[in-house]
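Report on the following structure.
The values are calculated or read from the model by the stated rules, or taken from the named source; none is laboratory data. Owing to the predicted nature of the structure, the values given are computational and were not obtained by experimental measurement. Here the Cβ is made from the backbone with ideal geometry for all residues, glycine too, and neighbour counts use every protein chain on show. We work out accessible area using only protein heavy atoms, side chains counted, and drop any ligands, DNA or RNA first. Shrake-Rupley method; radii C 1.70, N 1.55, O 1.52, S 1.80 Å.
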Amino acid sequence: MATLQLTFHLPYRSFLLWLIVLPQWYRNHINGNAGNYDSIRDGDYISAFLFVVGLILETIADEQQLRFQCEKSKYKAQHGTRDSSNDKDDVDQYNPYHSTKSDLENGFLTHGLFVYSRHPDFVCEQICAD
């Protein structure tokens, strides 16, 4: 596995990163803007803001997913297979971070940031990348 990582994955990733950076490099160096980084433009502030917001939201989504996975593994250890005799959602009103019974039985989150997207951590990752 390490040989595959060294011979294929790392060079391939480096090549892809080089392809991603190439248009910006061309814009800066070929058009005569090389070394002219004296001013911060409005787009830089917008990019920095989007990065910070995306990073915070990604951290929140990852934390929600981690808590859910821990609760799900405890629930499966206690209950085993699905018990449909009591399908009422047991929501802890004093702690909004606890998962509902239907979430635990279905195996995926339906509250928190997961209301807006099935994979909010990936969405926020894309916000950070842009």
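Within the stretch 102-116, the set of residues being open to solvent by less than 80 Å² (accessible area, probe 1.4 Å) and farther than 15 Å from Glu63 by Cα comprises Ser102, Asp103, Leu104, Glu105, Gly107. Residue pairs whose Cβ atoms lie under 9 Å apart, separated by 6 or more positions or on different chains, with the first residue in the stretch 109-130 and aliphatic (A, V, I, L, M) and the second part of a loop (DSSP other than H, G, I, E, B), are Leu109/Ser99; Leu109/Arg118; Val115/Leu109; Val123/Tyr116; Val123/Ser117.
Per the listing Tyr45, Tyr94, Tyr26, the residue uniquely of a type in the set (Ser, Thr, Tyr), open to solvent by 100 Å² or more (accessible area, probe 1.4 Å) and modelled with pLDDT of 85 or more is Tyr45.
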